[in-house]
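The values are calculated or read from the model by the stated rules, or taken from the named source; none is laboratory data. Everything numeric here is computed off the predicted structure, so don't read it as measured data. With ideal geometry, Cβ positions are generated from the backbone for all residues, glycine too; neighbour counts draw on all protein chains shown. Protein only, heavy atoms only, side chains kept; ligands, DNA and RNA dropped before computing areas. Shrake-Rupley method; radii C 1.70, N 1.55, O 1.52, S 1.80 Å.
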Amino acid sequence: MEPRTCRISVAISSLLVFLFGVTQVVITFSNQNIDTTHTWAFFANGCTCTLTGFAGILTAIFSKTTFSKIYFLMTFLTVFEAIIVYIIYSAALPGYIESACGGTTFFNHYCQGIKIYLSSATSVFWSWILLVLPTSSVIAWKNLTTQKSTPDNMFTKTAISLIRELRNTDSIPHYNDTSIKESIDEMIALYEDLIKTITEHKDQKKEPYYLSHAITFHNSINRDKRCILAYLNERLNRIKEYRWSSGQSLLPDQLKERLSQNEIQFFSDYDKILTEYNSKIGLDLTIDPQPPKELYIEVRVVKELGEVVLNSGCTVNLNLNTTHFLKRSDITTLVKNGSLEHIL
């Protein structure tokens, strides 16, 4: 059964169940000559059917797997509850009719009316219980199995969320292993659906309906791939940018816990390559990626550092609010971490 057909079937069957429930509740209170204690089965099953029908309507509207599971469970329990309740009620019905008649015979118009009212309502409700409720349960099951054959949400939604996650921050967020696995599982499911569509409808594969299905599955798989690769590539670019901007060869614990094991290994390998290259050319390119306009710069101390030995080997007292004219390569790291301020 196609997903659209399933949704339409769920909508119709759940609406019938909902109306059936409302009708039972109305019948419970419509005859003022009958005490509601004699129509308790109508009210009990009416409330259950009303809730079940409402759940089915929500399932048809939102088409979520969670709603489908709840609706199927409710239809199954409703069938079971209705049969048990009406078996008990049918057995007690003659006593209820006699009690409603005040213990008199049934050969007067008043008692005959009560008898016809309760007996007819029970018979009609029994027919609905045996026909409509089991049918709605079967439709709910078919709808659930149909939804399980394809991803629950819009195709590639999880993969797109990975890209949005990176766009919302300039730093390196936690590695989203869960979403990546979900995207891979979606790709596998889409591939299986693609193969199924092609193999089961060979003679109809050029028809617009099946052709559009195949194209949608194929394009969704490619989009998932592109999103995952873009996510991983952007993270690697930010890891490389961190190595260049910080100049550090070790990852701080706060950043390390946000990376995957492969990304940690990538940083280590990238740092090794960059360090070897800097050593060969005799320059630390992370200090000045662009050729500096001046070798010495004037800086102000914004954090008390005391006596510091610079890279060139000279010693300087970097006391708070003092200014110094120093070699750029000696104090670039201190400027980056905010200990010194470049005076322009």
Legend entry - Solitary cysteines of the chain, where the nearest other Cys Cβ is not under 4.7 Å: 6, 47, 49, 227, 314
Legend entry - Proximal lysines relative to residue 181, as straight alpha-carbon distance under 25 Å, when same-chain residues fewer than 8 apart are discounted: 64, 69, 148, 157, 196, 225, 240, 256
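How large is the charge dipole for the range 301-344, taken about the Cα centre, if only the Cβ atoms of Lys, Arg (+1) and Asp, Glu (-1) carry charge, to the nearest 20 debye?
That gives a dipole near 160 debye.
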Legend entry - Viscosity 0.890 mPa s, temperature 25 °C, Stokes-Einstein D of the range 209-279 from Kirkwood C-alpha radius, µm²/s: 170 µm²/s
Inset, instruction - Report, to the nearest 10°, how far helix 65-100 tilts away from the longest principal axis of the Cα atoms in the chain, using its own Cα long axis and a range of 0 to 90°. - result: 20 degrees
Legend entry - Where trypsin sites (Lys or Arg not before Pro) in DSSP loops with at most 10 other Cβ within 10 Å are excluded, longest remaining stretch of the chain: 1-201
Inset, instruction - Can you sort 131, 162 by 1.4 Å-probe accessible area, starting with the largest? - result: 131, 162
Legend entry - Rg in Å to one decimal, and Dmax rounded to a whole Å, for the range 240-344 via C-alpha atoms: 15.7, 45
Inset, instruction - Evaluate Rg over Rh across the chain, taking Cα atoms for both radii and Kirkwood's formula for Rh. - result: 1.34
Legend entry - Alpha carbon centroid spacing (whole Å) that separates the range 316-341 from the range 4-78: 76 Å
Inset, instruction - Give me the angle, in degrees from 0 to 90, between the Cα long axis of helix 261-281 and the longest principal axis of the Cα atoms of the chain, rounded to the nearest 10. - result: 20 degrees
Inset, instruction - Work out which GluC sites (Glu not before Pro) in the chain are exposed loop sites (DSSP not H, G, I, E or B, at most 14 other Cβ within 10 Å) and give the longest gap free of them. - result: 1-256
Inset, instruction - Taking all protein chains together and a probe of 1.4 Å, list 325, 267 from the most accessible to the least accessible. - result: 325, 267
Inset, instruction - Using only Cα atoms, find the angle between the long axis of helix 208-246 and the longest principal axis of the chain, and express it within 0 to 90 degrees, rounded to the nearest 10. - result: 30 degrees
